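Presented below is the structure to which this report refers.
Quick note: the coordinates plus some simple rules give every number you see, no bench work behind them. Since this is a predicted model, take the numbers as computed values, not measurements. Positions of Cβ are backbone-derived with ideal geometry, glycine not excepted, and every protein chain shown enters the neighbour counts.
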Amino acid sequence: MPQIKEILQTMDYGPSPEASDHVTAWLEKHSEGFTHFIDGAFVSPENVEFFEVSDPARATPLGCVAQGTTDDVGKAVDAARRAFRTWSKLPGHTRARYLYAIARHIQKRERFLSVLETMDNGKPIRESRDIDIPLVARHFYHHAGWAELIETEFPGHAPVGVCGQIIPWNFPLLMLAWKIAPALAAGNTIVLKPAEFTPLTALAFAEICREVGLPAGVVNIVTGDGRTGAALVEHPGVDKVAFTGSTEVGRLIRQETAGSGKKLSLELGGKSPFIVFDDADLDGAVEGVVDAIWFNQGQVCCAGSRLLVQEGVADRFHSKLKTRMETLRVGSPLDKSVDVGAIVAPVQLDRIRELVEKGKAEGGTMWQASTPMPENGCFFPPTLFTDVEPSSTVAEVEIFGPVAVSMTFRTPEEAIQLANNTRYGLAASIWTENVNLSLDVAARVKAGVVWVNCTNMFDAGAGFGGYRESGFGREGGREGLYEYLAPVWEKGLAKGQPAAKPDLSALPAERAAEGAAEGVALATSTPTIDRTAKLYVGGKQARPDSGYSYTVRNGRGEPAGQAGLGNRKDIRNAVEAAAKASSWGGVTAHNRAQVLYYLAENLQTRSAEFEARLASLTGVSPEAAAEEVGAAIRRTFWYAAWADKFDGHVHATKSRHVTLAINEPWGVVGVVCPDEAPLLGFVSLVLPAIAMGNRVVAVPSASQPLLATDFYQVLDTSDVPAGVVNIVTGESDALAKVLADHDEVAALWYVGSAEGSAAVEKASAGNLKATWVSHGRSRNWLSASEGQGRDYLRHATQVKNIWVPYGE
Ligand code: NAI
């Protein structure tokens, strides 16, 4: 026993364990095993297969939990479907009352939930008590507010239906709150599967649902491992899948749900940069690293795991960091003075060890604090790697453990380049006292969340979610609610017969004749078209790589012209041209608006010509042609008007901070246009995309591509910079597949058949691009609600949330 005098001299902490009797008693009460919560009740334990969950810090079992079968999932989905009928119809205010009640109950049971979370997951009680559980309550309060406001703030939107939600083990109850609160607020019902390592707080939450009298079936919890998750994803009764977890499983889920019509949001991994400039407050930045990578033992998807330190201060920074690392206390997570707790499970510990060994073998210099380590349980010491190559495994792969990897840079340019040198794009943290530099870097870093002089800050009012292979969709705030709502117009679309496809099977024969035929014999009643319409790439007309073209027929089936038969190479060239035109995203919104107004005026000037062409090519009446051209002109003006008005939000989140939610363009967007409405369909999709600063590779109507190829003359005369709109004609589905496979294409819209939609979604799993497909449903392009609107602008952007210091 140290003497008081000695304690005062060393200022060492004594153990300060949090009481856990109430949790132990609760676990004992359930010693026969925890079962699923379905239709408002815990199912009976007969014939249930159980698996054990344990406390990773003590390596002791906590209880047994049911392994959900396909049948269990089916029952839960059925219950959720039944409950949806009434829950979705309740006034928002009534739903809000339930959400408030849940929030209150969570607050009342804060101590219990924190201890349970810490025992199940291994995270320090300081974190579960001060961060996780208060944020859970905050999430329900915030979304109770949204339930109250949903009708007025989201007009024209309806709940999606039954949501299948799958969550990971790193923030078990917080991830549950992120999923359940917005879904309930919007009027959906839920089947949630917690992670197999950490299902206990979800089951305690089920008890809270019962206590507040939430109607049966509105929330269902089915426990189990990946097989249970897969059964939930596959269930045809699920309308939306929301997943947080590894990129590998996210990719599987994208493939599995392809073509099913299920709405999908994915929050996946990261390797987020933590950038320290030479003018940063280095002591502040060191504390930042502690929060970035040793928070929750580094098992955080947005952990600042890649330190990028400016060369001039790197040695000083690393030495300060090592000094601080020596003071981190690793040990029993229930001890209130412990900073670093246990790793969630032995398998995860092995994974960390393996990656660290690899880092050493690859030449990185590893340093670990001399902090005493517990003898038993799943622990790993805070670790720092320096002298690391950007291409080494530890610099590229998500370690998901308390391991920081540090690299140096010389200039801000190099910092940005290194920061973006990853397949992920979840978060970034920037440390500098120079406001210009911080905001310049914040704008250029490819990440969904950016923290300036702070890190790992979360709030229910701000959106959270990634760019690139970190997934798509946002959780939290106004933008997160859209993941649980569907525009009424889109829900109501009929499964239509898409217009007849051009018969490209006849191509080989025509190809043979084609050399001679830059001018097929045309029927006298059609306007003379004596040339093959070329592709339009990088602001220039381009011959198709294949050298082939195909015959376009008019409404009477007569040959009306030739269009280039684009292929994989043409798409690649078009994407390259679009990628080069990146300055379009950087010009002022006013400039983009001006270009679009000019485009609208030029289209207007040539309206008679377009009307005649439309009538002769499609066989519609002159009145119908005039209506379509008139709508295309008005729509162009409409998007010109929106170009400088589709603003983001400023979220009031934490004190001394403000969070800027900025609508950013994706970059290169692939747009596969409908076969019908050859001019209006094209305009309706291409215009919102470019109005928001994207560059587009468009595949126009396959049967009537000539309206789009005529349109490039209008683009030419309207100061649309080269590469902003590229047009590749040909077989839509084949070209869509190439766009879906292409890594440089960040988002892809496809309007066409159900099979084509499925193929696009499946192929997009490669780089996890965001897709927006029609599933074979036809749209009334003339309608101002179906053919245009804010939904188009929303799909044309992704939200970046930038946290900046603000106020006292
Ligand atoms: P995981 O992605 O396998 O697990 C996450 C959730 O998905 C769990 O509930 C799991 O049961 C479920 N799941 C697994 N396979 C599924 C399938 N085929 N269909 C539907 N659901 C399925 O993550 P895991 O194996 O626990 O951790 C492996 C790595 O993933 C970690 O080392 C870390 O790098 C990363 N990870 C990232 C997370 C994040 O928040 N981004 C969270 C958890 C893990």
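Inside the stretch 286-322, can you point out the residues that are within 16 Å of the ligand (Cβ to nearest atom), at negative phi and not charged (D, E, K, R)? Residues satisfying the conditions are 292, 293, 295, 299, 300, 301, 302, 303, 304, 305.
One residue stands out in the stretch 370-402 among those that are within 24 Å of residue 334 (Cβ to Cβ) and surrounded by fewer than 20 Cβ atoms within 10 Å (Cβ to Cβ): the one that is nearest to the ligand (Cβ to nearest atom), namely 381.
Among the residues of the stretch 566-613, just one is more than 30 Å from the chain's Cα centre (by Cα), basic (Lys, Arg) and buried (at least 19 other Cβ atoms within 10 Å of the Cβ), namely 613. For the stretch 418-438, the tally of residues that are part of a helix (DSSP H, G or I) and under 29 Å from residue 244 (Cβ atoms) stands at 3.
Return the residues of the stretch 380-412 that are in a loop (DSSP other than H, G, I, E, B) and without any contact (Cβ under 8 Å) to a residue 60 or more places away in the chain; say none if nothing qualifies. Of everything in the stretch 380-412, those that are in a loop (DSSP other than H, G, I, E, B) and without any contact (Cβ under 8 Å) to a residue 60 or more places away in the chain turn out to be 381, 387, 388, 389, 390, 391, 392, 411. Based on this model, can you work out whether residue 341 counts as of a type outside the set (Ser, Thr, Tyr), surrounded by 22 or more Cβ atoms within 10 Å (Cβ to Cβ) and within 16 Å of the ligand (Cβ to nearest atom)? Answer is no for this residue. Is there a residue being over 27 Å from residue 348 (Cα atoms) and charged (D, E, K, R) anywhere in the stretch 118-141? Yes, the stretch 118-141 contains a residue that is over 27 Å from residue 348 (Cα atoms) and charged (D, E, K, R).
If you go through the stretch 316-331 and keep only what is in contact (Cβ under 8 Å) with a residue 60 or more places away in the chain and buried (at least 23 other Cβ atoms within 10 Å of the Cβ), you end up with just 321.
Of all residues in the stretch 62-87, those being of a type outside the set (S, T, N, Q), in contact (Cβ under 8 Å) with a residue 60 or more places away in the chain and under 30 Å from residue 20 (Cα atoms) number 5. Among the residues of the stretch 244-252, is any more than 10 Å from the ligand (Cβ to nearest atom) and in contact with a helix residue (DSSP H, G or I) (Cβ under 6 Å, 6 or more places away or on another chain)? No.
Can you pull out every residue in the stretch 265-280 that is aromatic (Phe, Trp, Tyr) and either within 16 Å of the ligand (Cβ to nearest atom) or surrounded by fewer than 24 Cβ atoms within 10 Å (Cβ to Cβ) (or both)? Result: 277, single match. When restricted to residues that are within 8 Å of the ligand (Cβ to nearest atom), assigned to a loop (DSSP other than H, G, I, E, B) and not small (Gly, Ala, Ser), the stretch 223-243 contains 1. The number of residues in the stretch 184-202 being assigned to a loop (DSSP other than H, G, I, E, B) and within 15 Å of the ligand (Cβ to nearest atom) comes to 6.
Looking across the stretch 715-745, the residues that are surrounded by 21 or more Cβ atoms within 10 Å (Cβ to Cβ), part of a helix (DSSP H, G or I) and aliphatic (A, V, I, L, M) come down to 715, 735, 736, 738, 739, 740.
Quick one: is residue 701 touching a strand residue (DSSP E or B) at 6+ places or on another chain (Cβ under 7 Å) and in contact (Cβ under 8 Å) with a residue 12 or more places away in the chain? No; evaluated as a whole, the condition is false for this residue. Among the candidates 213, 217, 259, the residue that is on the phi > 0 side of the Ramachandran plot, in a loop (DSSP other than H, G, I, E, B), buried (at least 24 other Cβ atoms within 10 Å of the Cβ) and more than 12 Å from the ligand (Cβ to nearest atom) is uniquely 217.
Summed over the stretch 144-178, residues that are under 21 Å from residue 490 (Cβ atoms) and touching a residue at least 12 places away in the same chain (Cβ under 8 Å) total 14.
Of the listed requirements (1) without any contact (Cβ under 8 Å) to a residue 60 or more places away in the chain; (2) over 17 Å from residue 424 (Cα atoms); (3) within 16 Å of the ligand (Cβ to nearest atom); (4) charged (D, E, K, R), residue 283 misses just one: (3).
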